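The values are calculated or read from the model by the stated rules, or taken from the named source; none is laboratory data. All figures in this text were calculated on a predicted structure; none of them were measured in a lab. In this analysis, Cβ positions are derived from the backbone assuming ideal geometry, glycine residues included, and neighbour counts consider all displayed protein chains. Heavy atoms of the whole protein, side chains included, go into the accessibility calculation; ligands, DNA and RNA do not. Shrake-Rupley method; radii C 1.70, N 1.55, O 1.52, S 1.80 Å.
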Amino acid sequence: MVSSYRSLLTRMIEPFVRMNDKTSYLSEEDLARLAQYEKYWNFMLGYHYDYIPVDEDSPENIQNWCRRFVNKYVSTEFNSGFTFKFDRDVDESKPLKFLNGVWDDNSGSSLMLKVGQCKSVTGDAYVHVHYESPSEIDDPFGIYPKGRIRLFSIPSSIVFPKYKDGYNDSPDALESVSIIYNVERESALFTGKKTVTIKYVYTKDKIIKQEDGKEDVEYPNKYGIIPIVHFRNLPLSSSNFGVSDLEDIIPLNIELNLKNSNVSEILSYHAAPTTVITGARINNLERGANNVWGGLPKDAKVFNLELQGDLGASNTYINNTKSNMFEIANMPKLAIGGEAPPANLSGTAFQIAFMPLIDLIKTKQIMTGSAVQLINKIALLIGLTEGMINIKDEDRSMIFNHRVVFGDILPRDMVQELSQIQQELKAGLESRSNAMVRLGKDNIVAMNKEILEDSTKNPMFYGITPVSMPSGNRLVNPETGKVLLEGKEPEVKESNANPQVDFKNKVGTNREGEDKKVFSGLEKT
């Protein structure tokens, strides 16, 4: 797997180095960037000693912390997933269902793991948003009657974006994107396979395909946008490209491997020590176990070479180098099992211990969120153009304005989180919709509607106790005020008993049918 990837990367870069007619447009910056990509991938795959001048007989002890850190960065950033949040005035049921369908159809979790690894190693990653018409799809089950939107992760070593001059590094400044890769095809004269370079150039107006030995083919771009999204790992001011996570780790990892190899060589040398004999001939001495040498000359000496240096200082330097590497990489040792967590570590102390990693991941998520948002915009534009989704005219412009919400970086105590949300709801400091966002719920508008309908029909399942109202013998939902059960009014039978005094001071009626009142003496005052 490793060797195959390495040879593949070499075949990708080889024609650019030769500077043939199809790739002569590459600048020195592009070639230097490709060389950096190759170096980063070699360290990711464990080829550390390709960049270290050592003797052939020296041991090559490799601790590949580059791969360990990259895998941890990727898992921390994407394992909690992300959701999409639309404006409250927009019915998010249709666009959210459409976007979730696009990501699920393209195995979004696996796709983002590839993107995360690529941008963590090289600093850049690219995703191609491509529409396949029904005629291009082999669809025996009829799943895609209106076509399909595909999301492809493209290796950063074959993508060459071109930006406008100036300080603008937004997608608006992107003039074109060229994708160049090599394929092997059979030769026309049956002389074996030959390598053919294929080049695609994407602009807002057209798509051009170039191939060795063939005429250029031009296609119109009816969407008016370049469907290739650039993911930058970490921002770098005044640069259109990202920063690799391995850039500052590689020098320390090299130093750590060198010193570990030196200590390993010393230990191997002294594991079978050399015997030194002075003042005597070795031929006259018997060699082997359980042998006693006697009759040595008076001035003769026999001893084994011993380690006279301070090996403890070497170990201290190795440990300091390793600690410095963890600090430079913003990686707590607790995060990768290097240290055992204390048993009584509180939640706040736990967050403080992970603060370097949290700060780094949040910065990466800001860059990732803007790129994912652009992917969604392109997917919505293609869906509206191809009739895959129907949106009201007044909502067309609003559905493009949405946010990408990532899950929590650190694990949460859900019992404590729910208790805090309940207290905020009772105090009027939180809404049910925002509470669902905090809990990572999807399709909040539809869920609120479903909960309201279900709680009206089955209030007891939601802990709602109906209130009995004497008037009318009714049971009322205290949350909504809706009558759950209403009985008949009790029949009042006539009685000859003396009328009781009520709150209106009525004691009966006179001959004219008017109410009589209790005489209190105040009427004549």
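Which members of segment 412-442 meet the condition of being open to solvent by 50 Å² or more (accessible area, probe 1.4 Å) and either among the aromatic types (Phe, Trp, Tyr) or more than 30 Å from Ser346 (Cβ to Cβ) (or both)?
Scanning segment 412-442 gives a single hit, Asp442.
Within segment 174-225, which residues are touching a helix residue (DSSP H, G or I) at 6+ places or on another chain (Cβ under 8 Å) and either without any contact (Cβ under 8 Å) to a residue 12 or more places away in the chain or in a loop (DSSP other than H, G, I, E, B) (or both)?
To start, the set of residues in segment 174-225 that are touching a helix residue (DSSP H, G or I) at 6+ places or on another chain (Cβ under 8 Å) comprises 179-182, 195, 197, 222-223, 225.
Answer for segment 174-225, where residues must be touching a helix residue (DSSP H, G or I) at 6+ places or on another chain (Cβ under 8 Å) and either without any contact (Cβ under 8 Å) to a residue 12 or more places away in the chain or in a loop (DSSP other than H, G, I, E, B) (or both): Lys222, Tyr223, Ile225.
Conditions (1) open to solvent by 50 Å² or more (accessible area, probe 1.4 Å); (2) among the small types (Gly, Ala, Ser), marked per residue:
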site: Glu29; (1), (2): yes, no
site: Asn42; (1), (2): no, no
site: Gln63; (1), (2): yes, no
site: Ser75; (1), (2): no, yes
site: Asp89; (1), (2): yes, no
site: Leu96; (1), (2): no, no
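Quick one: Tyr144 ticks every box in (1) hydroxyl-bearing (Ser, Thr, Tyr); (2) in contact with a Lys or Arg (Cβ under 9 Å, 6 or more places away or on another chain); (3) surrounded by 13 or more Cβ atoms within 10 Å (Cβ to Cβ) bar one, so which box is it?
(2) is the only condition that Tyr144 fails.
Residues in segment 234-255 that are closer than 16 Å to Arg67 by Cα and touching a residue at least 60 places away in the same chain (Cβ under 8 Å): how many? Before you say what the answer is, go through the steps one by one.
Our first condition is that a residue be closer than 16 Å to Arg67 by Cα; within segment 234-255, this holds for 244-254.
Filter once more, so that each one left must be touching a residue at least 60 places away in the same chain (Cβ under 8 Å): 244-250, 252-254.
Within segment 234-255, residues that are closer than 16 Å to Arg67 by Cα and touching a residue at least 60 places away in the same chain (Cβ under 8 Å) number 10.
Is segment 98-105 home to any residue that is of a type in the set (Phe, Trp, Tyr), in contact (Cβ under 8 Å) with a residue 40 or more places away in the chain, open to solvent by 10 Å² or more (accessible area, probe 1.4 Å) and closer than 26 Å to Lys441 by Cα? Step through it out loud before you land on a result.
Narrowing segment 98-105 to residues of a type in the set (Phe, Trp, Tyr): 98, 103.
Now drop any that are not in contact (Cβ under 8 Å) with a residue 40 or more places away in the chain, which leaves 98, 103.
So of that shortlist, the ones also open to solvent by 10 Å² or more (accessible area, probe 1.4 Å) come out as 98, 103.
Pick out the ones that are also closer than 26 Å to Lys441 by Cα and you get 98, 103.
Checked segment 98-105: at least one residue is of a type in the set (Phe, Trp, Tyr), in contact (Cβ under 8 Å) with a residue 40 or more places away in the chain, open to solvent by 10 Å² or more (accessible area, probe 1.4 Å) and closer than 26 Å to Lys441 by Cα.
So which pairs qualify, if the first residue must be in segment 441-469 and β-branched (Val, Ile, Thr), the second must be at pLDDT below 80, the Cβ gap must be under 6 Å, and the two must be at least 6 apart or on different chains?
Qualifying pairs under 6 Å: Val445/Glu92; Ile464/Glu479; Val467/Val476; Val467/Pro478.
Just give me the residues in segment 211-255 being at pLDDT below 90 and in contact with a strand residue (DSSP E or B) (Cβ under 7 Å, 6 or more places away or on another chain), in sequence order. Give the derivation first.
Pass one, segment 211-255, residues at pLDDT below 90: 211-216, 236-240.
Across segment 211-255, the qualifying residues are Glu211, Asp212, Asp216, Asn240.
Among the residues of segment 378-416, which ones are touching a strand residue (DSSP E or B) at 6+ places or on another chain (Cβ under 7 Å), aliphatic (A, V, I, L, M) and not in a loop (DSSP other than H, G, I, E, B)?
Ile378, Ala379, Ile382, Val404, Val405, listed by residue number.
Being within 20 Å of the chain's Cα centre (by Cα) and of a type in the set (D, E, K, R) narrows it down to one of Lys392, Lys441, so name that one. Before the answer, list the steps.
On the way: Lys392 fails: within 20 Å of the chain's Cα centre (by Cα).
Sole residue among the options that is within 20 Å of the chain's Cα centre (by Cα) and of a type in the set (D, E, K, R): Lys441.
How many of the residues in segment 445-464 are exposed (fewer than 12 other Cβ atoms within 10 Å of the Cβ) and in a loop (DSSP other than H, G, I, E, B)?
So the count comes out to 2.
Just checking, how many residues over segment 366-380 are of a type in the set (S, T, N, Q) and open to solvent by 20 Å² or more (accessible area, probe 1.4 Å)? Reasoning before the result, please.
Here is the first cut: in segment 366-380, the residues of a type in the set (S, T, N, Q) are 368, 370, 373, 376.
So of that shortlist, the ones also open to solvent by 20 Å² or more (accessible area, probe 1.4 Å) come out as 370, 373.
Matching residues across segment 366-380 total 2.
Which of the residues belonging to segment 316-344 are out of contact with any helix residue (DSSP H, G or I) (no Cβ under 7 Å at 6 or more places or on another chain) and either at pLDDT 85 or above or open to solvent by 60 Å² or more (accessible area, probe 1.4 Å) (or both)? Even if it seems obvious, please write down each step before you answer.
Going residue by residue through segment 316-344, those that are out of contact with any helix residue (DSSP H, G or I) (no Cβ under 7 Å at 6 or more places or on another chain) are 316, 319-320, 323, 327, 337-338, 340, 342-344.
Matches in segment 316-344: Thr316, Asn319, Asn320, Ser323, Glu327, Gly337, Ala340, Pro342, Ala343, Asn344.
What's the total number of residues in segment 417-444 that are in contact with a helix residue (DSSP H, G or I) (Cβ under 8 Å, 6 or more places away or on another chain) and in a helix (DSSP H, G or I)?
Count: 11.
Considering each residue of segment 175-207, count those that are under 33 Å from the mean Cα position of the chain (by Cα), open to solvent by 30 Å² or more (accessible area, probe 1.4 Å) and aliphatic (A, V, I, L, M), and give that number.
Number of matching residues: 2.
Just to be sure before I move on: is Gly481 open to solvent by less than 70 Å² (accessible area, probe 1.4 Å), over 36 Å from the mean Cα position of the chain (by Cα) and modelled with pLDDT under 60 in the structure I sent?
Details: open to solvent by less than 70 Å² (accessible area, probe 1.4 Å): yes; over 36 Å from the mean Cα position of the chain (by Cα): yes; modelled with pLDDT under 60: no.
No, not satisfied.
What is the one condition in (1) closer than 28 Å to Asp248 by Cβ; (2) open to solvent by 40 Å² or more (accessible area, probe 1.4 Å); (3) of a type outside the set (Lys, Arg) that Ser135 does not satisfy?
Looking at each condition in turn, Ser135 falls short on (1).
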